[in-house]
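Notes follow once the structure below has been shown.
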Amino acid sequence: MNFVSTNNAAHRVSLKQAVLSSLPPDNGLYMPERIPLLGADFWDEWRDLTFQELGCRVALAFFGEDMPAAALRTIVNEALTFDAPLVEVAARRYVLELFHGPTLAFKDFGARFMARLMSWLARDDGKLLTVLVATSGDTGGAVAHAFHGVAGIRVVILYPRGKVSGLQEKQLTTLGGNITALEVDGTFDDCQRLVKAALLDPGLAGRLELTSANSINISRLVPQIFYYIHSARFLPVGTAPVFVVPSGNLGNLTAGLLAQRLGLKVDHFVAANNRNDVLTRFLAGHPYQPRPSQATLSNAMDVGAPSNFARMLALFNHDRAAMCARVSGCAVSDEATRAAILAVAASHHYQLDPHGAVGWCAATQWHAAHPQAATIVLETAHPAKFPEVLDGVLGPGQVAIPERLACLADKDKCAIPMAADTAAFIAWLRQLD
Ligand SMILES: *Cc1c(COP(=O)(O)O)cnc(C)c1O
């Protein structure tokens, strides 16, 4: 299977190029040149497969022509080491818990698969691959954990000093081994600028094998398909769910649309936005208008120009009506988010994180108009990751902290200070090899 740019279907590359380069040179995004079908043999037995086996079948449909099945199976099995349970919080109102991975966010699914696939694709190149990541918080932690100990790869994470939460900083700076954290004296935008400058620097190109691990890499999307199909198995037979997806860069939603194209029966998708509602406005008939992002309680969704929108357009051949027939949008305020966290804790004894709470609000609106629907809200992070919000709404100490988060408090931070200066960063990279 080849991969094509959303900006130019004639620009075709191999799996290896699509994954190791992340972005086509024309600023588009890579998409598979065709969406494979999962055949009747899969849909005959999909309910009885293990989560790992289900993941292997989906991964083989996309990547099976380009690598040995055994290698791909190993990658899926090593990436999918935790479950995604479906919880019925109220009648026909389900929550899919995607936070049981090492960094307690759904990004673990994509990052762990990408890390292992990159390592395998680069295995014969005979060079250490250096992966650069700029992070404003969550992505860096998931990527760092995913690559930790992966052979042939070294990761350099750049994060803005004083602008990530204490726990997030610990997730970035306490791993050691093949993970190096740079504490940049600047903003997230500075970090991104440094990464871009290094990737384009002609002097580094010959010395280091550089790549980036940002969220638009096609290999992060495919493992997100697994849990959509997995979750639907726990509904009563014949139920087609409405998936409610807390959305930022729209990677998660795009993966759901791909699951449907693979043959999963889905009633509808609801994209749940916070105040950054570019997609919701588009789906309501307004022009597509990216805007600067605004800060909200669900900060991982504070995206003003969602990158995967290009992939959604490609999936629907730029036909807005076709997209609206499958996807609706819903924008949720911070007030409503707080109210939902409180109401769900009080009425159902279930704790939502701010992102899941945005989804819950959107699902409530959907149920008001469609009382018989079965909604599945994707719970994208563990509530303990957001103590500032949860303590404020539920009272201090109400959320139990999972052991893998709690133990971080005792670990020592190890980060290298770095000026927000391209020349300084490139000089530092030069001395690495
Ligand atoms: C990244 C993230 C999102 C948004 O997901 P997209 O795929 O970017 O739409 C939602 N919730 C959490 C907790 C996240 O980390």
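The values are calculated or read from the model by the stated rules, or taken from the named source; none is laboratory data. These numbers were taken from a predicted model, which means no experiment stands behind them. Using ideal geometry, Cβ is built from the backbone for each residue, glycine included, and neighbour counts are taken over all protein chains shown.
A compact table of results
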{"item": "Wholly within the stretch 30-128, helices (runs of 4 or more DSSP H) carrying at least 1 residues that are of a type in the set (Lys, Arg) and in contact with a Cys (Cβ under 7 Å, 6 or more places away or on another chain)", "result": "69-79"}
{"item": "In the stretch 207-239, the residues that are surrounded by fewer than 20 Cβ atoms within 10 Å (Cβ to Cβ), within 21 Å of residue 375 (Cα to Cα) and not small (Gly, Ala, Ser)", "result": "233, 234, 235, 236, 237, 239"}
{"item": "Residues of the stretch 83-122 classified as charged (D, E, K, R) and within 14 Å of the ligand (Cβ to nearest atom), total", "result": "3"}
{"item": "Which listed residue is crowded, with 17+ Cβ neighbours inside 10 Å and under 13 Å from residue 229 (Cα atoms), from 55, 101", "result": "55"}
{"item": "Tally of residues being touching a strand residue (DSSP E or B) at 6+ places or on another chain (Cβ under 6 Å) and either within 26 Å of residue 405 (Cβ to Cβ) or without any contact (Cβ under 8 Å) to a residue 24 or more places away in the chain (or both) across the stretch 155-186", "result": "15"}
{"item": "Identity of the residue in the stretch 260-282, more than 14 Å from the ligand (Cβ to nearest atom) and under 20 Å from the mean Cα position of the chain (by Cα), that ends up surrounded by the fewest Cβ atoms within 10 Å (Cβ to Cβ)", "result": "261"}
{"item": "Residue check for residue 128: more than 14 Å from the ligand (Cβ to nearest atom), touching a residue at least 24 places away in the same chain (Cβ under 8 Å) and closer than 19 Å to residue 15 by Cα", "result": "no"}
{"item": "Counted residues, the stretch 307-355 - those being under 20 Å from residue 94 (Cβ atoms), aliphatic (A, V, I, L, M) and under 22 Å from the mean Cα position of the chain (by Cα)", "result": "3"}
{"item": "Some residue of the stretch 325-338 being under 25 Å from residue 402 (Cβ atoms) and of a type outside the set (Phe, Trp, Tyr)", "result": "yes"}
{"item": "Within the stretch 300-317, tally of residues that are in a helix (DSSP H, G or I) and touching a Ser or Thr at 6+ places or on another chain (Cβ under 8 Å)", "result": "8"}
{"item": "So residue 364, is it at pLDDT 95 or above, surrounded by fewer than 22 Cβ atoms within 10 Å (Cβ to Cβ) and within 27 Å of the chain's Cα centre (by Cα)", "result": "yes"}
{"item": "Residue that is of a type outside the set (Gly, Ala, Ser), closer than 30 Å to residue 265 by Cβ, within 20 Å of the chain's Cα centre (by Cα) and modelled with pLDDT of 85 or more, where the choices are 155, 150, 222, 143", "result": "222"}
{"item": "Every pair of residues 6+ apart whose Cβ atoms lie under 7 Å, when the first sits in the stretch 305-323 and is without any contact (Cβ under 8 Å) to a residue 40 or more places away in the chain while the second is in a helix (DSSP H, G or I)", "result": "316/322; 316/323"}
{"item": "Pairs with Cβ under 8 Å, 6+ apart, first in the stretch 223-236 and closer than 16 Å to residue 62 by Cβ, second among the basic types (Lys, Arg) and within 15 Å of the ligand (Cβ to nearest atom)", "result": "223/112"}
{"item": "Helices (runs of 4 or more DSSP H) within the stretch 318-433 that include 1 or more residues within 16 Å of the ligand (Cβ to nearest atom) and among the hydrophobic types (A, V, I, L, M, F, W, C)", "result": "320-326, 334-348, 354-369, 387-394, 403-406"}
{"item": "Counted residues, the stretch 161-186 - those being touching a helix residue (DSSP H, G or I) at 6+ places or on another chain (Cβ under 7 Å), modelled with pLDDT under 90 and among the small types (Gly, Ala, Ser)", "result": "0"}
{"item": "Criterion: in contact (Cβ under 8 Å) with a residue 24 or more places away in the chain, hydrophobic (A, V, I, L, M, F, W, C), out of contact with any strand residue (DSSP E or B) (no Cβ under 8 Å at 6 or more places or on another chain) and more than 22 Å from residue 144 (Cβ to Cβ) - qualifying residue of 352, 408, 390, 378", "result": "390"}
